[in-house]
Amino acid sequence: QKRAQKGGVGIFDESLREQLLREIRLRDHLENAIHRHELFLVFQPILEAKTNRIAAVEALLRWRLDNEYIPPDEFINIAEQYGFIKPIGLWVLGEACMAGKRLQQLVPDLSVCVNVSIQQLLDENFPEDVKATLERTGFRPENLHLEITESLFAHDKHRLIENISRLKKVGIEVSIDDFGTGYSSLSVMQEFDVDLVKIDRTFIWTMDQGGRAIVEAVSQIASSFGYQVVAEGVETEEQKQILTDMGIDYLQGYLFLHPVTEEEMVEHLNIQAS
Ligand code: C2E
Ligand code: CA
Ligand code: CA
Ligand code: CA
């Protein structure tokens, strides 16, 4: 709407109009997407670099609307903008814990990583909701990792510190996602009680053009603060080798496995176990 006013109706750009119509259509459908069973989770493994063992899976949300897959980078924004992210985020958490519980029959100490939005994290009730979800599903708190993006820290710091510390009291782990891309410095992060940082994939992809020094520096500083380190977006053997040699703790990326359905993940874990 804002954009329409700015441009004026007369010179209203056709592609912008299409974009707006699409956004409205997505918004209207997203509201009922849970009830229509259009949302589901896929899972991508996170491997311990030293052993190649699957230590965790990241739950990633998918939306199939009619016959189209809407990418999360598009619909998560819409969910945040129109106030659907809290119910959707809570649904994701419940589904991820239930799936995690089932997958733990194959890998008993498997952790599950769940992405959370700023609006969820700023919600007073969130720590209690997380606790209730863990109790309802019987999933162990120490195996739940909540991934929060670094840019979060530009928001209400006191509320964030308080909610993160309440979450830590529930017994879960907290990870910083997309590390290196946000606003905050490591010194700001020191104030937050986090367990793990995930170095953003853009750094992993530029390791052959100088990114390597950045990855190394981030990894050393993170380790010195006592954070474990994950490298995401690992696509080549070469990247895997460099990261392993650097002493990065965990690796995730298409080299190992694309995000897959729970059934496919079960198959994959079975193969690993045999
Ligand atoms: P993210 O948390 O950084 O998730 C990693 C993204 O990178 C995923 O994209 C994953 O499929 C992709 N990826 C993993 N390995 C590789 C690789 O080796 N190469 C490349 N090119 N990509 C790789 P996806 O599933 O499209 O998710 C995009 C973003 O949407 C996520 O980024 C996350 O920020 C958000 N998202 C996904 N699910 C949820 C959710 O349940 N809640 C919230 N709040 N956000 C979510
Ligand atoms: Ca993530
Ligand atoms: Ca990430
Ligand atoms: Ca992200």
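The values are calculated or read from the model by the stated rules, or taken from the named source; none is laboratory data. The structure displayed is predicted, hence computed values, not measured ones. Neighbour counts run over all protein chains shown; Cβ positions are idealised from the backbone, glycine included. Just so you know, the surface numbers come from the protein's heavy atoms only, side chains and all, with ligands and any DNA or RNA stripped out. Shrake-Rupley method; radii C 1.70, N 1.55, O 1.52, S 1.80 Å.
Using the structure shown, decide if E267 is more than 27 Å from I164 (Cβ to Cβ) and surrounded by fewer than 18 Cβ atoms within 10 Å (Cβ to Cβ). Taking the combined requirement at face value, the residue satisfies it. Do we find that Q190 is within 19 Å of E48 (Cα to Cα) and either open to solvent by 70 Å² or more (accessible area, probe 1.4 Å) or in contact with a Pro (Cβ under 9 Å, 6 or more places away or on another chain) (or both) in this structure? Against the criterion (within 19 Å of E48 (Cα to Cα) and either open to solvent by 70 Å² or more (accessible area, probe 1.4 Å) or in contact with a Pro (Cβ under 9 Å, 6 or more places away or on another chain) (or both)), Q190 does not qualify.
Counting the residues of the stretch 21-69 that are closer than 26 Å to Y82 by Cα, in a loop (DSSP other than H, G, I, E, B) and in contact with a Phe, Trp or Tyr (Cβ under 9 Å, 6 or more places away or on another chain) gives 4.
Inclusion of T206 among residues that are surrounded by fewer than 19 Cβ atoms within 10 Å (Cβ to Cβ) and modelled with pLDDT under 95 is warranted. Only one of the listed residues (I76, I88) is within 16 Å of ligand 3 (Cβ to nearest atom), assigned to a helix (DSSP H, G or I) and surrounded by 16 or more Cβ atoms within 10 Å (Cβ to Cβ). That residue is I76. Considering (1) assigned to a helix (DSSP H, G or I); (2) open to solvent by less than 10 Å² (accessible area, probe 1.4 Å); (3) modelled with pLDDT under 95, the lone condition that I148 does not fulfil carries the number (1). Which residues, taken from the stretch 244-264, are within 15 Å of ligand 1 (Cβ to nearest atom), free of Cβ contacts under 8 Å to residues at least 40 places away in the same chain and surrounded by 14 or more Cβ atoms within 10 Å (Cβ to Cβ)? Residues satisfying the conditions are L255, E264.
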